[in-house]
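Report on one structure; see the data block that follows.
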Amino acid sequence: MLAALAAIPIVAAAGPARAQENSMIATDLEVVTVTPTSVILTWTTLAPGPGGNPVPAGTQVRLAPADARGPARIRHDDSDRTSYHYAEITGLEPGRAYRFEAWSDGVRATPGSTVVTHLPGSPECTGQFTTLALPPGRLLRTLALSNDLHIGEETAGLIHAAELPGVRQEPGLPPYPEVMLTALLGDLRLPDRGADHLLVAGDLTAEATPAQTGSVRAHLDSWGVRERDWFAVRGNHDRPHVGPEYAGCPAVADAVHHDCWGESFGPRGQLTEHRLGDLRVLGLDTTLLDAPGGAIDPAQFDHLRTLLRADPDRPTLIFGHHPVTQDAAVSNINGLDFVLNRTDSLALQSLYRSAPGVFLHHAGHTHRNRRSGADIPLNVEFLEVGAVKEYPGGYTLVRIYEGGYIVNFYKTRTPDARRWSHRSRAEYLGLWPDYTLGSTADRNHTVLRDLSGLT
C-alpha cells in the first residue's frame, strides 16, 4: 500500500485458512493503545467494494524489534472468526521501537481512508511504534476517565440544522448506549485494566429523563459505590429540562425547569471534592440551563479558590464536561461557544497557576481524544477523552506512579461493542474517525512529575 509499509518484511501466513483472492479486504487498521509494555491494534475485514459486508476471519499480529533482523514473528494468533479484530500484545520492553504486521487469513490489514492514520510518522503509516517510557517508582493508583454515555439515545451523529444522516443500532441488538456502557464497566474490573476508580465527565444521559437517569445510575451502582468507587459530574445533556415528562422531579430556581439528573446525582452548580488517599479529585458543573456551551458560576469559583488556596501543592485532578482551552475552542467542529466561555476559561487557568498541585484537567463534550496546551504558562494537562457511546468507543486510564503518570486510551472490546464502534465510524459521512480518534500521542503518553507524596 504505502512505501513505508512495503519496506517491512512480509512472510507467508501461518495455518491453512487463507482468503480467496479479492474476496476480502482487511482495513481500518489502528494502533489504538501503546503502553510501556503492550500494544493494541484493531481492524475490520469486509467484502470488497462500496458498503462491503463484514467477513469473519482470523486475527494475527507479527511483531519484532525495529532493529532486529529477519521477519517479524507471530505474537498474537486467534483462530476465532470475527469481522471486528482486536489484538493485544503484552510483554514488550518500555521505550523500544517495534515493527508490526496485522493479518487476517493471509490478507494484510492496512489503514482506512482516514487522514489521522496516514499522517507522517503515524504507526499505521510507518508500520512501527515505540512503547512508552515507564515513570520512576511504584504504581500508586489507576483512574479511568470517561464521558458521553448518552443513555437513552437512539440515533448517533445527528447535527441539528444539518442534513446529515445519523447512525442507528442494527435491528434486534440492544441499544448501543447500554452496549457500550456495559462493555466499559466490564472492562475496568478485568485484571489487565485494573481501574481503582471511575470518573464520568458528563452527558451520562441523552435528555435526563427519569428513566434515563435511573438506568445510568443503576449501571454505575452495579459497578461500585458512588463517591468511593465512581464519581460523576453533569453534562449539558444532563441539564434540568422543561416539559411534563420532567414535572415529577425537583424544580430549580426558575420553577420551570426540573432536575431529574440532580435528584439521583446531586444539585446543580456545585463543586464536588473527593480524596483518594492523598490524591484530591475535584468535579466541576460547567453546564448552562438551555445552551450546549459551558460556564462556571461565582459560587463554584469561590469554593474552588478556597480549596486550592488552602492546599495548593496537593496533587489534584479536576474534571468537568466542557473543554477549557482556546485550542479546544478553535479546533472543535461546533465552534467557539461549544466549550467553557472565554472569561471563565482564563479565570480557571489563572487559578491553576496559583495551585501547582493541579496536574490534569479532564473534559468530554467533543467526543474526541485531544491533548491541548494551556493558554498561559501552566504545568497542567488539558485532556479531552473520546466518547464511550460511539466510535472510538472507550475510555482513558491514568496510571499514577511516584514519578509521574501514564495516559492510555482503550477501546471497549466485547463483540457487540466492537461491532457498534465499527458501525458508528460512518457518522458525519464517514469523517468521524479523523475528528475523534486523535493522534497516537494524544491517546498515549507519559508525563514525568513528582507524585511521590501520594499513597
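The values are calculated or read from the model by the stated rules, or taken from the named source; none is laboratory data. Predicted, not measured: the structure shown is a model, and the values here were computed from it. Positions of Cβ are generated from backbone atoms using ideal geometry, with glycine treated the same way; all protein chains shown enter the neighbour counts. Side chains included, ligands, DNA and RNA excluded: accessible areas come from the protein's heavy atoms. Shrake-Rupley method; radii C 1.70, N 1.55, O 1.52, S 1.80 Å.
Points worth noting:
- For the chain, the Cys residues with no second cysteine's beta carbon closer than 4.7 Å are 125.
- The distance linking region 73-102 with region 406-448 is 18 Å (Cα centroid to Cα centroid, whole angstrom).
- Protection proxy ranking, peptides 417-425, 33-41, 166-174, average beta carbon neighbours within 10 Å, highest first: 417-425, 33-41, 166-174
- Put simply, when 267-274, 145-152, 329-336 are sorted by average Cβ atoms within 10 angstrom per residue, most first, you get 145-152, 267-274, 329-336.
- Karplus-derived 3J(HN,Hα) values for region 191-208, using 6.51 cos²θ - 1.76 cosθ + 1.60 with θ = phi - 60°, are x, 7, 10, x, 6, 7, 8, 10, 10, 10, 8, x, 6, 6, 10, 7, 8, 6 Hz; glycine and proline are entered as x.
- Considering only region 163-286, percent of DSSP beta bridges that pair antiparallel, nearest 5: 60
- Solvent exposure of the chain, expressed per residue, is 39 Å² of accessible area, with all protein chains present and a 1.4 angstrom probe.
- Helix-only [θ]222 nm of the chain, DSSP H runs n ≥ 4, -39500 (n - 2.57) each, per residue, nearest 500: -5500 deg cm²/dmol
- Spatial extent of region 97-142: Rg and Dmax, with the Cα atoms as the point set, Å: 15.2, 43
- Shape call, region 203-323: gyration tensor on alpha carbons, a/c limit 1.5: oblate
- Ranked from largest, the principal axis spans of the Cα set of region 349-409 equal 37, 27, 13 Å.
- Dividing the convex hull volume of the alpha-carbon atoms in the chain by its residue count gives 146 Å³ per residue.
- Rounded percent of accessible protein surface that carbon and sulfur make up, the chain, 1.4 Å probe: 54
- Region 110-211 - Rg (one decimal) and Dmax (whole number), Cα, Å: 18.5, 53
- Antiparallel bridges, percent of DSSP beta bridges restricted to the chain (to nearest 5): 75
- Taking a ≥ b ≥ c as the square roots of the eigenvalues of the Cα gyration tensor, an a/c ratio of 1.5 or more together with a/b no larger than b/c marks region 336-455 as oblate.
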